[in-house]
Structures are given as structure tokens and as C-alpha cells.
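Asks: This structure is in C-alpha cells; I'll ask about it shortly.
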Amino acid sequence: MATSARRFRFLERGALSWPELDPLLLILTVVLPLIGVVIVASALMPVLADDATAFGAAVLRNALITTVGIAVALGVAQVDYRRYGPRSWLLYAIAVALLIAVLVPGLASSSGPRRWLDLSLLSFQPSEIAKPALIFLLAYWAGRVGKRVRERRTFIIGLALVGIPLVLVAVEPDLGTAVVILGTTSTVAFVAGARLRHFLLIGAVLIFGFAASVARNPYQLTRIQAFFSPGDDLLDTGYQAQQSLLALGSGGIAGKGLGMGTMKFLYLPAPHTDSVFAVIGEEFGLIGTATLVILFVILLARGLWIAHKAPDTYGRCLAAGISFQLAAQAFINMLVVTGRLPVTGLPLPFVSSGGTSLIVSLAMLGVLMNVSRAASLDSER
Amino acid sequence: MLSSSQNRRNDASTPPRFGRRLLVVGGLGAVMAGAVGERLVRWQVLEAGDLAATASVQQRNEQMIASRRGAILSRDGTAMALSRQIDRLIGSPNVIAEYDTEAVVNFLTSNLGLDRPTVLEKIGDPSLTYTVIADDLEPEHSSAIRQAMRRGEIGGFRLEPVARRIYPGNYLGSHLIGFVDGFGTGHYGIESFYNEELSGRPGRVISDQDPRGRTIPVGKYDPLPPVNGSTLVLTMDRTIQRIAEQELEAALARFGSSSGTILVIDPRNGDVLGLANRPAFNASRLQDYAVINEDFINPAVSLVYDPGSTFKIMTMAAGLDAGVIGPGTRHNLPGVYEYWGLEFSNWDEKNYPNQDMISVLANSSNTGAIFVADSLGAHNFYDYVRAFGFGAATGIDLASEVRGILKAQGSLSWYPSDLAANSFGQSISTTPIQMAMAFGVVANGGLLMQPRAVGRVVTAEGHVIEIESSEIRRVIRPSTSRTLIDMMYQAEHSVFPNLALSDRYSTVGKTGTAEISARGGILPEQTIASYIGFGPRENPQVLVLVKIDRPSTGTWGSRVASPIFRQVVDRVFAYLRIPAAA
């Protein structure tokens, strides 16, 4: 986020006084990433067995990114969210440009889905920028259009604004993120007061599109079948789903203890990112997994409460969009790990190791804290 | 509640039905969280046991840990057999196929010195899961492979520890020691007889493994360490063994024979100090031999021969001990004697009237031996023969000992004429070790000792177990032994020239020239020349049996075996620092 010294005037005013930060969100801002640092270190143990230096570097890097992320969250919390409003168009434009760039050969990671931009320091996932950019833009725009949100013209423009990055993400392909974007933007539009009829229309189009896709590519149906019977398809996605369940079951209620999980040793796919919830399940049991579910429920509840209290439509939509996006992505990740949804490749916000995702998620939490601050200032008035 | 507060604030910019829609969003989140919770309860509580069991089966691996086979040392502490742990390289071509085949082939050819076509042939078929790529890896090759696998440069390989048995002596003592096959099982000799003690007990380790077969450091790790095999210390002395083998080889060359045996025994305790046979085998080059090979058989304990005249000492001992004769008993010894319808003759077929028993030994008179056996009677004679250990295994701690063939009175195939033949060592089959132990009875004052090849067992933990020598029974009285040794001494010194007698040491013994029984009678012109003797006369410490089969130059024990006996005695006695006779 481009900031200048002028914007940090709050520092001179001593604005970093704790009572002004939402205490519940502040706790989440610290606790969730710390859980992540600890469990990612544990999940990286297989690296330790092969190369102690690489293990140390990976753990240190994750701790460093987490620290930076928490600092960013606390800093962003001090910046009035209304300042971003007019600039959300710019952010949106950048996000779309990056999503196009990722599809350009040579700029993107060489093999597999084109999701990352290879920068020298950290590989960078443009869809992580697209998610907040869309929330900001739609929330700001909702505030601008006001009651006209129910007009067909507004709906069509909104559909176009969401549709461009959504299609770009979908063709990477990153269907998981596409689903999260669709869900989050729908939520923003929904709380902004869009007509239900329009949502039904989108739903109908999606179902038709899905049916057409399955009709053209029967293997997608096979995948879905494989997902519903993990035992029959041990080498494909079903195998990965099965391994997650074995990890959860091995943990039981109390868990094996930190570091004592064995499934992260090549059995679980991506134990420090996508499957980190399964590692928590094995090492901390139901106590650990349930705690995490509750923390995200608290995040969503607090976010919606802030939305309710926010002084303007922009803030309301922003708070609802951010909290829903973070919680929904967490729940989708958990439903994948628990075998309720097919494997998508979504990280668990705040907990999974990963540069852009972690920092962006924490920054969005910072924005939420700022909306909360504005809400409390507003109610005092 | 939300909608009421919304009404209270009545903000113009508030979207329509905002509060209710927030509740819907919250409800959606709650449904998702609830779905997660339902799954968590199912997997982590209701089905946790089954899932944990499946995970455990998937990861658990049990691997054998081979125990180390104990060494075999000679009495003087030289290793005759020892085991070295080395690795062999196992490949799983199905896994190797996932790696850069070219890099793998290059690694194997440059690091292990394997040639390219061989490597390609061994790892080329990705349908295979197990193939032995290299059998004997040098330790530095093993570590190179381990490092490359750790770095992930190559994969699909496994190092399997295998034990290699090394026999530094090659031919030396090969029949005594035996050998170990590729599966670690001992065959022949000590390796077979003490296989259990040498093998120890293998251990195992149960551990959790990742899908590539690597141990998970935080997983279950339950090792049961192996119990390594014991080290055996032989009664065999490497120097004496070498003397016996050298003299045997020299004798075979000198007398044109292809096979023979030299046994060196301590008659006081039955210790086998040396056991040499030819032909023997090279335990270091087992791959050169067929699986079933006559050369592996130890003739000293596993093959029988008719002992011939050496057996007259047993006959004489029995007669003396029973009191039917004395050294001075005189008898007319006919050159040819008919006994129960069969003619028996002396070697020179001459009549020797009015001869004493010393002369019977000196002339090695068959008819004299028949006289003694006849005087004893078959019943007493065979009691003594059995007491000397014939017809029964000596119980030596070597594999595949045979009992020999004793047809005694009472057995269906026995004829009265057999008594006469037996009296001078024909029609009876004995092993060299039986003959040596029977002579040992005379040498040690009348006790039949159980021969032994292992004197001490050192367990892997370092406990030393001394194996006590054991006597089987008293056969003759000590006075009989003294009398007989004196008679043998006088008989030896009445023969000229006597090639068995040493200039330095005082020994007694008996020659034997045995006819070789075969199907359909006696093999003409073929004999087994032997000499069994011991010394020093006053206090016998060493007993030597020399047996040369079918010498082509010279047939007589006195010509062939006697000089070898003397050679062995001179060298062994000197080595053992036995004082020269006055």
C-alpha cells in the first residue's frame, strides 16, 4: 500500500493507544499468526530431517513475515479506511494488471497453474491482491451508489467489475480463490442491498455453466465421484483427502502433542500451507481444531458487529466483506481438510505459511480494526 | 436486535434491510462452521480409532537387524573366520523411474565403477520393485550413496546390510572350520556344529516410515537389539595345524598319494591341536566349488577306513588288561593260520616259533593278534572294542561325525572269523578320530576322552565360558597302560631301521598297512599306510595320527607313514618346547 510520511501523522499524535484498538480483533491479530508460526515450524519438520539449514531458514522466514504482518495490521489499523475509498479504483486496476501479468509467459512460475509472480524475494500471488481490491472497490462503490444499488444498471456494472478479475483467476486456474472471490463479492453486494432476484440470476447462470462444463469434460464428474468415495481412488485427490482424515483421526480429542505428528512426513500434501489444519488436528486434536474454528467464528461475529456499527455504507460493506472473506476462506480450507469439499489449494488465513496471503490477511484485519475504531468513535458522538 | 438499532440510528445511507442481511451472512458463516464442527466430531471422536489404526498400519514398518556372527579363533588367538558387515545396494526401479535416470546411471557408473549396460539392465524395467544392483559395497561407496540419497540426487535405492564371512587362512584348517553360505548358515565343521552359538539372535526395529521408506523421527521407534554371536576359541593351534598340513602335503607329493589325514591330539584332554586333510578346500573361494562337493567332507570324522595293524594295540591292551596275556607270554606264531574256515597270514607268511608279545608288536604279527583275541574270547574282545569307543561316535564338536562300522558278536552279519580279522584291524571300519582317541586311552593311562575342537566360548557380552574336557570312561587300568607303553617302546626299538623314531624325542606308536575293502573283496596293491603314536613316553602330551591313502610309491606304513610321524613329532614337540629325551 503506497503510503507517505504525511499519512503517519497519527504517530505524532500518539494515536497508537491500545484502548482505541478493538481488543477482540487485537487478540486475534496476535494469537492466530502465533499459532501459525508454531504449527508451521512443526509442519516443516520433514525439511529438518533432510536439511537443517533449510528448515531454520523457512521457520525464520515465516516468523519474520508474520512479525511484519502483525506490524502492518497494527499500522493499517491507524489509517482511516475512508482514505482508501477513492483510491480503490487504482488498487483494482493494479490487481487486474497483475492478474493479466501472471498469465504472461516468462513472468509467472514456470510449471503448473499460473498463480504466482516470481519476484526475487518472495513469490507473489496477485489473486491475494485481487481479493481485498474487490472488497474495497465494491464497498466504496456501494457507498457511492446508495439506494441505486437495486437498479439493473448498477448490477450489470458490478457484475462486470467482479467478472473481469474472477475470470482471470478462474483461468489460472485457481477455482478455490475464484469461489472465495465470488462468495465475498456476493456478500458485499448482498449486505449493500442488491436485489435477491439478481443473485438468483447469477446462481442459475453458474449452475448452467457447471452443467455445461461437466457435459464437455466428463472427467470432472469422475473427480467429484472420487471425492465422495476417497477409498476407491487412492492415488489421486482421494488419497490426499484420505491422508488428512487419517491425520485428524490420529490426533483424536487431545492430539499427539506439538511436533509429534507423523502424517506431515510426506503423507499430507503441503502440510505447512493447505493441510496445516490437518497437522493441528493430529498434534492438538479436537481441542486444537475446535479452538481454531471458534477463533474464526469470533472473527466473523465481531466483523459483522462492526459492520452493523460502522458509520457509513462503505464501512459497513467493508467490514462485512473482510470478515466474511477471512472466515469463509478458513472454513472452506477446513472443509477441504475434513473431506467435505474437494481439494482446492486454499491456505488457512493467518495460520498457513505463505508471504502475500499472510501479510494481506493481516492488513485486512488491520482495516477491520480501523472500521471498528470509526464505529466506536461514531457511537460516542 | 440489529434491525432495531438500525431503526434507532435511522441513517439515510444505511442499505435496505441491512441488519437482516448481516444476520443472513452470519448465519451462512455459522452453517459453514457447524459443518466443520460436525466433520471434526466425526473424524476426531467417532471414527478416530479406525483412522488412527489405518494411519498406523500405513506407516508402521518392521525391519530385521541381523546379528553379527561370532569369530572363530585358533588357540593362539589368530582369526580363522570372522564376519564383516557390508552393504549391498538394492534398487526399486519403479521408484528410480521418478528420478532423472541419466543422473542416476551416471552416479552409479562413476561412483561404484559399474558399467553402463549392466546398470541400465538392472534399473531399466520400471515394473520391478526390487533388484540387487551391487553385492559388495566398499564402505566409502555406501556413504556416497547415503549422502546422494539425503541430497535427493538419487532415489529408489536402499542399502541392505549383509555379513561377509572372511577366512584369512584360506585352505588352513578348512575342514575343521567349515564355511558359511550366502544365507548365513554354517556348513561343515565348527561353522555347522556351533551355528547357533555363532549366529546369535537377530533383532528387529519397529518404526514409523514416510512413503519413501525413511524413518519418521517423531514416530514410533521400538528397537529390539540383536544378540550377536559368540566368538569361539579353538583347541587348534595355528602353528601345529600348519605343520600338519605342510607335512601332509609333502608326504602326498613324496609318496604319490592324493589323499590323507594328519591328526594332532592332546591325549590328556582330547584337545584337537591340528586336523589336516587333503584334499581340502579354500574357504575364501567358495564360489569355485559346486554346492555338493567331496572336498568339503572332513575325512577325519566323516569317512571310515579299516585301520589295519594299528588296531593290534587295542587287541593287545584288551588282552593285557583282562590278564589273559602278559608281556612275556610266548606263543608259536604260524605264518599262515586257519581260523573258522578262513586263512589268515602274517605279512611275510613266515613262521615265528615261541615269540613273546613284544615280538608280536615288533613284527606286527596278524596270527599273534588272532592268538590274543582268541584267548580273550569274542565276548570280552568286543566289550573292550566297544569300551575303546568303536562303533560309536566320539562326540567331537564337529559336524557330520560318523560312527564307523563294528560288526560284533551278536550282530547278524558277524561270523566267528570276523574276530580274527578284527584283531588286526580288518573288517572293522573306524574314523581317524576314533583311532586317535583309542590310542589316547593307552597314552593317558586308560581313559577314553571326548575329543573337542572348541576350548573356550566368548559371548558377545564378553563372558568367557571355558569348556571342560570330559572323559567318557575308563577303558584299561593305568598299569595296563604303562605295561603296554613299555612293550611298544621295546618293540619299536627292535625294528631296524625304524623311520618313526626321532633322534630327540622318545615316542611310541604302531604302524598300520590296511587293505582297502571294497565291493567284491580287497583292492589289490592298494593300501592305507598309517602310523599312530604319541610321546614323550614317560608323560605323553601329544598324539599324532598319520594316514596316507593309496601311496603309489611304497605300500607299507613303516615306509610311508612312519617318517611323516617323525617329522611332525620333531617339529610339534620343538614348538611346544617339550624337552628332548635324555
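Here, each number is a calculation from the coordinates, and none is a lab measurement. Quantities reported herein were computed from a predicted structural model and do not represent experimental measurements. A quick note on method: Cβ atoms are made from the backbone with ideal geometry, for glycine too, and the neighbour counts reach across all protein chains shown.
Asks: Would you work out the charge dipole size for the stretch B:62-234 about its Cα centre, treating the Cβ of every Lys and Arg as +1 and the Cβ of every Asp and Glu as -1, and quote it to the nearest 20 debye?
Replies: Magnitude of the dipole: close to 440 debye.
Asks: Quick check on the exposure proxy: order B:Tyr305, B:Tyr221 from fewest to most C-beta atoms within 10 angstrom.
Replies: Going from sparsest to densest Cβ surroundings: B:Tyr221, B:Tyr305.
Asks: Next question. For B:Ser530, B:Ser481, which order do you get if you count the other beta carbons within 10 Å of each Cβ and list the fewest first?
Replies: Sorted ascending by nearby Cβ count, the order is B:Ser481, B:Ser530.
Asks: If you take each beta carbon of peptide A:301-313 and count the beta carbons of other chains within 10 angstrom, what is the mean?
Replies: Mean partner shielding for this stretch: 4.
Asks: Say a paramagnetic label sat at a point 7 Å from the Cα of B:Glu294, along Cα to Cβ; which residues of the stretch B:237-268 have their backbone N under 12 Å from it?
Replies: Answer for the stretch B:237-268: B:258-260.
Asks: Separate question: Can you pull the mean other chain C-beta count within 10 Å for peptide B:225-235?
Replies: The mean count of partner-chain Cβ atoms within 10 Å per residue comes to 0.
Asks: Next question. For the protein assembly as shown, what is the calculated [θ] at 222 nm in deg cm²/dmol (nearest 500), taking -39500 (n - 2.57) for each run of four or more DSSP H residues and dividing by its residue count?
Replies: It lands at -15500 deg cm²/dmol.
Asks: Within 10 Å of each Cβ in peptide A:259-267, how many partner chain Cβ atoms are there on average? Round it to a whole number, please.
Replies: 6
Asks: Of the trypsin sites (Lys or Arg not before Pro) in the stretch B:296-381, which ones lie in a loop per DSSP and count no more than 15 other C-beta atoms within 10 Å?
Replies: B:Arg330, B:Lys350
Asks: Give me the distance in nm between label points sitting 7 Å out from Cα along the Cα-to-Cβ direction at A:Leu64 and B:Ser470, one decimal.
Replies: 7.6 nm
Asks: Find which of A:Leu21, A:Ala278, B:Ser506 sits farthest along the positive direction of the dipole of the protein assembly as shown, computed with +1 on the beta-carbon of Lys and Arg, -1 on that of Asp and Glu, about the Cα centre.
Replies: A:Leu21
Asks: B:Glu461 label point, 7 Å along Cα→Cβ, cut-off 19 Å on backbone N: hits in the stretch B:51-90?
Replies: B:67-71
Asks: Further, regarding this structure: R0 = 30 Å: FRET efficiency of A:Trp89 with B:Val41, Cβ-based, nearest 0.05?
Replies: For A:Trp89 and B:Val41, the calculated efficiency is 0.05.
Asks: For a quick check of your reading of the filter: which trypsin sites (Lys or Arg not before Pro) in the stretch B:538-582 sit in a DSSP loop and have no more than 10 other Cβ atoms within 10 Å?
Replies: Loop-located and lightly packed - B:Arg577.
Asks: With contacts defined as alpha carbon pairs under 8 Å and 6 or more residues apart, what's the relative contact order of chain B in percent?
Replies: 14 percent
Asks: OK, next. At R0 = 60 Å, how high is the FRET efficiency between A:Ala101 and B:Asp115 if r is their beta carbon distance? Nearest 0.05 is fine.
Replies: Here the calculated transfer efficiency is 0.75.
Asks: Could I have the simple spin-label model distance between B:Lys220 and B:Glu153, label points 7 Å from Cα toward Cβ, reported in nm to one decimal?
Replies: For B:Lys220 paired with B:Glu153, the spin-label model returns 3.6 nm.
Asks: Place +1 on the Cβ of every Lys and Arg and -1 on the Cβ of every Asp and Glu in the protein assembly as shown, take the dipole about the Cα centre, and give the residue among A:Thr185, B:Ala491, B:Ile166 whose Cα lies farthest towards its positive end.
Replies: So the residue furthest toward the plus end is A:Thr185.
Asks: Mind checking the dipole of chain B: about its Cα centre, +1 per Lys or Arg Cβ, -1 per Asp or Glu Cβ, Debye to the nearest 20?
Replies: Rounded to the nearest 20 debye, it is 1960 debye.
Asks: Continuing with the same structure: To the nearest 0.05, how large is the calculated FRET efficiency for B:Val227 and B:Gln526 if R₀ is 56 Å and r is the Cβ-Cβ distance?
Replies: 0.65
Asks: Order by neighbour count: A:Leu103, B:Leu545, fewest other Cβ atoms within 10 Å first, most last.
Replies: Ascending Cβ contact count within 10 Å gives the list A:Leu103, B:Leu545.
Asks: Now a separate question. Is any helix in chain B, taking whole DSSP H runs, at least 30 angstrom long along its axis by alpha carbon and on average at least 0.5 on the Kyte-Doolittle scale, and which ones?
Replies: Qualifying helices, which must be both long enough and hydrophobic enough, are B:18-41.
Asks: OK, next. To the nearest 20 debye, what is the magnitude of the charge dipole of the protein assembly as shown about its Cα centre, counting +1 on the Cβ of each Lys and Arg and -1 on the Cβ of each Asp and Glu?
Replies: Its charge dipole is roughly 6100 debye.
Asks: Along the charge dipole of the stretch B:62-234, Cβ charges K/R +1 and D/E -1, which of B:Val105, B:Ala66, B:Met149 sits furthest on the positive end?
Replies: Of B:Val105, B:Ala66, B:Met149, it is B:Ala66.
Asks: If you look for lysine pairs in chain B that are eight or more places apart or on different chains, how many of them have Cα atoms under 24 Å apart?
Replies: Lysine pairs meeting the criterion: 8.
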